[in-house]
Amino acid sequence: MSEATQPPAILARTIAKVSPTAAAQPVVDVPTPTDTHAQPIVQVKDLCLFYGRSQALKSITIDFPRNQVTALIGPSGCGKSTLLRCLNRMNDLIDDISTTGSILVDGQEILDRGTDVIELRRRVGMVFQKPTPFAKSIYENVAYGLRIAGMRDRRTLDEAVEKSLRRAALWDEVKDRLRQSALGLSGGQHQRLCIARAVAVNPEIILMDEPCSALDPRSTSRVEDLIGELREDFTIIIVTHNMLQAARVSDQTAFLYEGVLIEFRPTQALFTCPAKKETEDYLTGRFG
Amino acid sequence: MVWVAGGGLAAVLLGALILIVVILSNGLVVFWPAPIEQVRLDDGTQILGRRINSENSIGRGLQVRFKTANREFDSQRQDFHWVADDKIASTDLPAECVVLERLANGDFYGFVKEIKSPGLDVKQSGDPFHQLQDALRSMDLHKTEELDPLLRRIEGKTDELNAVKLSRLKGEYRQKQLRNSASHDEKAATALEGNIAELKAVAGELQKDSERLVNQRSKVEESLRQNLAIVLDAQGASRSIALMDVIRVYRPNSMNILAKASHYAAKVWELLTTPPREANTEGGVLPAIFGTVALVLLMAVLSFPLGVLAGVYLGEYARDGFLVRLVRIGVNNLAGIPSIVYGIFGVGFFINSLGHAIDEQFYAYRLAEGRVFHGGGVLWAALTLGILTVPVVIVATEEAIRVIPRGVRESSYALGSTKFQTLIRVLLPLASPGIMTGFILAMARAAGEVAPLMLTGVVSTAGTVPLDGRFPYLHLERQFLHLGFQIYTVAFQTPNSEAARPMVYVITLLLVLIVLLLSGMAILLRNRMRKQLQIKTI
Ligand SMILES: Nc1ncnc2c1ncn2[C@@H]1O[C@H](COP(=O)(O)OP(=O)(O)O)[C@@H](O)[C@H]1O
Ligand SMILES: [Mg+2]
């Protein structure tokens with residue numbers, strides 16, 4: 001990043017005071033893949049983020065491996081969403097925010113001013129906590145991303161819509177009413193529609209911010225199955241409050257606490273023998 | 001507390017209900033043929049009239065008011081008379097009593113004696129009432145076959161004359177310009193001269209044609225005017241009435257319910273499809289209906305897009321700073337400004353500034369013949385109404401856009417769309433029912449507004465309406481009639497306001513119906529939008 005990489009002095013002092021862990025090194029123990037996907041798809045380095053004067057992310061350094069599911073866990077308010085939203089520059093929409101550090105997506109710096117945000121967001125899709133269907137037909141919802149990218153060809157659109165809906169395990173339920181308003185679907189269907197919509201533009205990475213927290217258990221398990229299938233083709237980074245869910249769907253888990261990355265290890269390892277006291281406290285429900 | 005709140009609601013509803021009942025009960029019965037009573041008083045005088053109402057005045061006992069019609073034959077030129085109830089010796093309902101609806105002087109109540117129709121094809125025997133009906137039918141035929149074509153031709157000539165005159169004025173203006181300009185273009189000047197002379201000659205021809213036609217018309221009218229109905233009034237005096245002036249004749253006392261209903265339907269049809277007569281107190285209100293609807297639609301077309309744009313700016317683009325808050329407060333409070341103030345603004349800005357400028361720029365050649373846009377007209381009135389109602393649209397649009405959850409916006413951005421694409425493709429469709437609600441409110445307000453129109457171009461009688469068969473068909477600079485203003489003029493500005501009262505109720509009812517219709521259509525449209533979007537709220 002070209003501008004100041006250090007937070008203001010006054011803030012740096014505050015960090016030191018309120019979070020003793022900031023100084024300690026996080027435990028990172030992710031096995032380096034040996035195949036062609038050697039390079040991690042997202043490399044975050046020394047990422048600090050300030051909402052006005054309050055710091056939400058404190059010098060985060062983390063590499064997200066390609067074609068795997070990474071879960072972000074941590075007590076609420078610890079900065080999971082904030083970190084996630086940095087990856088597709090969704091935070092640009094919020095006023096009075098300042099970011100330092102570096103994020104490489106496919107080796108390309110995305111925090112630069114000159115980054116083509118539109119193009120970035122096509123590569124890094126996102127699914128939100130609350131389903132947000134548009135006031136359009138089911139078909140148009142899924143085709144939206146392609147249409148705004150300038151795609152006009154009917155056949156291509158038709159194919160993309162069908163493929164995405166199939167991938168989102170929604171096709172059989174809606175294939176007879178593609179032209180009806182998407183707002184008429186149920187909550188669980190809405191979320192799968194949003195996933196189909198994100199998948200349709202064929203991104204490399206899909207960010208999911210608590211995608212199941214507004215869903216009932218049945219819909220939740222459907223979405224979880226879906227994540228299992230999508231990992232074949234996409235890199236998925238998922239924020240979740242539900243520890244069991246993280247254990248079920250993810251390969252790696254990162255634990256954040258008060259804006260600091262505490263531990264980032266294979267899910268199995270992190271859940272069975274946490275290396276840090278904060279992680280253990282969180283997993284055993286002592287806070288959060 | 002619940003009782004107080006409920007009571008408040010009940011009071012409001014009651015008030016509205018009373019208003020509606022008054023309008024309905026008075027407006028709906030106007031065209032129903034009420035019976036005509038023949039009243040004999042103690043002193044021997046006879047009255048023929050419709051009972052209107054009665055009042056108990058202190059010291060004089062019960063007084064009954066009758067509509068006696070026959071305005072021009074009355075000694076005081078009155079349609080109505082008060083009669084003391086205790087002076088009435090007897091009343092009955094003579095079956096033969098007729099009502100003649102006339103082009104002038106209102107109704108005539110009396111009895112048909114005989115028909116003198118030398119020019120008409122009528123059997124000279126039988127019941128005089130049926131003779132009269134036959135004569136009227138025949139008269140109608142004569143009118144449509146002889147008079148109407150003449151009138152149309154005269155109108156055509158007048159149009160041609162006007163067109164020629166405008167060409168001539170243009171030429172003369174051009175001539176003046178040429179004379180004043182430094183470079184003398186002799187050739188152009190002589191060509192113009194010739195042109196103008198030619199136009200003058202054509203105008204002379206047309207003028208002669210027109211005069212000939214007018215003469216012809218007077219002759220036809222004169223001969224038609226020979227056909228008379230000899231009628232007797234209440235006192236038995238014989239009067240003659242030209243059949244030319246009679247529109248309709250009926251015997252209210254011997255009509256069955258079916259005949260009354262068809263009379264009612266005919267009157268309603270007349271109301272909706274014909275222009276007014278007798279200072280708007282009789283006849284139809286077609287031009288006023290047209291003016292009202294055209295005004296509202298024109299206003300909607302001109303101002304709603306602007307309101308939506310402003311609302312979008314405030315709701316989506318403007319940052320929530322001091323200035324924006326100030327603008328928002330201002331917009332919200334615009335609705336509280338008395339509408340007459342908007343009217344004055346319309347006069348000052350639209351008519352005297354914009355209209356004046358347009359006239360100077362494009363119509364300078366014909367200003368000697370009268371102003372074009374520099375004066376009240378339907379365009380200016382629509383624009384004035386537009387600025388009056390646009391705050392409602394702005395507020396509704398802004399609100400509708402602002403309540404859309406942030407997630408919806410972010411989802412769109414997350415798919416790689418720009419701010420503009422998000423607005424057009426995602427936010428506006430979601431906000432459309434809310435925006436429509438703003439339209440509905442604005443339209444309802446605009447349709448009922450009168451005060452600003454009085455300053456910006458509404459008139460009570462107009463020779464022309466803003467729409468006709470002549471190019472460019474829609475004449476935005478013209479003045480227009482309006483139902484709301486019609487209510488005011490008919491109720492308070494006619495010499496015989498008592499006789500006009502039924503018309504006031506009828507027009508009021510009609511205006512209410514039209515406002516309901518306009519907003520009803522908008523509401524239907526909104527509900528369809530909602531249904532398409534499957535938004536599950538009312
Ligand atoms: N738009 C914002 N403006 C200011 N502070 C914010 C904003 N969003 C989040 N924060 C703050 O940043 C911190 C991290 O928030 P967030 O990333 O949403 O946490 P999580 O998703 O882990 O629950 C919280 O303390 C929160 O109050
Ligand atoms: Mg969150």
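Brief remarks follow.
- Sum of side-chain charges, residue B:299 neighbourhood, beta-carbon under 13 Å (Lys, Arg +1; Asp, Glu -1): 0
- Considering only alpha-carbon pairs that sit under 8 angstrom and 6 or more positions apart, the relative contact order computed for the range B:120-226 is 34 percent.
- DSSP beta bridges fully contained in the protein assembly as shown are about 75 percent antiparallel.
- Taking θ as phi - 60° and the Karplus parameters 6.51, -1.76 and 1.60, the scalar couplings of the range B:63-73 work out to 10, 10, 9, 10, 8, 9, 6, 6, 3, 6, 9 Hz in sequence order, x denoting glycine and proline.
- Remark on residue B:467: its backbone amide H falls under 5 Å from those of B:475, a criterion applied only to residues 5 or more positions apart or on other chains, H modelled at 1.01 Å from N.
- CD proxy at 222 nm, helix term only [per DSSP H run n ≥ 4: -39500 (n - 2.57); per residue of chain A; nearest 500]: -10000 deg cm²/dmol
- For chain B: relative contact order, % (alpha-carbon pairs under 8 angstrom, 6 or more apart): 15 percent
- Heavy-atom accessible surface of chain A, averaged per residue, reaches 44 Å², computed with a 1.4 Å probe.
- Relative contact order (%) - criterion: Cα under 8 Å, at least six apart; region: chain A: 27 percent
- Restricting the calculation to Cα atoms, the range A:115-235 yields a radius of gyration followed by a Dmax of 13.4, 41 Å.
- The range B:247-312, Rg to Rh (Cα coordinates; Rh as Kirkwood inverse mean 1/r): 1.32
- With 20 Å bins from 0: P(r) over the protein assembly as shown, alpha-carbon pairs, percent: 12, 28, 24, 19, 13, 4, 0
- If only the Cβ of Lys and Arg carry +1 and only the Cβ of Asp and Glu carry -1, the dipole of the protein assembly as shown around its Cα centre is close to 580 debye.
- The residues of the range A:190-208 occluded by other protein chains by 40 Å² or more of accessible area, set against the chain on its own, number zero; surface from heavy atoms, 1.4 Å probe.
- Computed [θ] at 222 nm, helices only, for chain B once each DSSP H run of length n ≥ 4 contributes -39500 (n - 2.57): -18500 deg cm²/dmol
- On Cα atoms only, tilt of B:186-224 relative to the major axis of chain B in degrees: 40 degrees
- Think of the range B:23-120 as a dipole: +1 on every Lys or Arg Cβ, -1 on every Asp or Glu Cβ, centred on the Cα centre; then among B:61, B:46, B:31, B:31 lies furthest on the positive end.
- Here, the range B:443-538 yields an orientationally averaged convex hull projection of 9.0 nm² when only Cα atoms define the hull.
- Only Lys, Arg (+1) and Asp, Glu (-1) charged, at Cβ; chain B dipole about Cα centre in debye: 1840 debye
- Farthest toward the positive end of the dipole of the range B:287-537, out of B:384, B:309, B:353, is the Cα of B:309, where the dipole comes from beta carbon charges about the Cα centre.
- Intensity falloff of the range B:120-226 expressed as log10 I(q)/I(0), Debye formula with alpha-carbon point scatterers, at q = 0.10, 0.11, 0.16, 0.22 Å⁻¹: -0.51, -0.56, -0.80, -1.07
- q = 0.09, 0.13, 0.16 Å⁻¹, chain A: log10 I(q)/I(0) [Debye, one scatterer per Cα]: -0.44, -0.91, -1.30
- With 18 Å as the limit on Cα-Cα distance, the pairs of B:113/B:267; A:175/B:531; A:45/A:80; B:165/B:208; B:143/B:219; A:136/B:531 that go past it are B:113/B:267; A:175/B:531.
- Going from the chain on its own to the full set of protein chains, the range A:134-174 has these residues losing 20 Å² or more of accessible surface (heavy atoms, 1.4 Å probe, no ligands, DNA or RNA): A:134, A:135, A:136, A:144, A:147, A:148.
- Listing of the range B:384-419 residues, each with accessible area lower by at least 50 Å² in the full protein assembly than in the chain alone (probe 1.4 Å): B:410, B:411, B:413, B:414, B:415, B:416
- Computed over protein heavy atoms with a 1.4 Å probe, the carbon and sulfur contribution to the accessible area of the range A:190-269 reaches 44%.
- Angle between chain A longest axis and helix A:187-200 axis [Cα atoms, degrees, rounded to 10]: 90 degrees
- Mean projection area, nm², convex hull over Cα of chain B: 39.4 nm²
- Built amide H within the under 5 Å cut-off of residue B:239, gap 5+: B:231, B:232, B:233
- Pairing chain B with chain A buries about 2100 Å² of accessible area. This figure sums both sides and uses a 1.4 Å probe.
- Using a probe of 1.4 angstrom and keeping all protein chains present, the accessible surface of chain B works out to 52 square angstrom per residue.
- Using alpha-carbon coordinates, inclination of helix A:217-230 to the longest axis of chain A, degrees: 90 degrees
- For chain B, the residue among B:524, B:111, B:482 whose Cα projects farthest onto the positive side of the dipole built from Cβ charges is B:524.
- Computed accessible area, residue B:492, all protein chains, 1.4 angstrom probe, square angstrom: 150 Å²
- Euclidean distance of C-alpha centroids, the range B:276-337 and the range B:167-204, integer Å: 45 Å
- Accessible area of chain B belonging to carbon and sulfur atoms, whole % at 1.4 Å probe: 62 percent
- Counting DSSP beta bridges with both ends in chain A, the antiparallel % (nearest 5): 55 percent
- Across the range B:285-296, rounded Karplus estimates of 3J(HN,Hα) from the backbone phi angles (6.51 cos²θ - 1.76 cosθ + 1.60, θ = phi - 60°) give 10, 3, x, 6, 4, 4, x, 4, 5, 4, 4, 5 Hz, Gly and Pro being marked x.
The values are calculated or read from the model by the stated rules, or taken from the named source; none is laboratory data. Quick caveat: nothing in here was measured; it's all calculated off a predicted structure. Glycine gets a Cβ as well: all are built from the backbone with ideal geometry, and neighbour counts include every protein chain shown. Areas reflect the complete protein model, heavy atoms only, side chains present, ligands, DNA and RNA absent. Shrake-Rupley method; radii C 1.70, N 1.55, O 1.52, S 1.80 Å.
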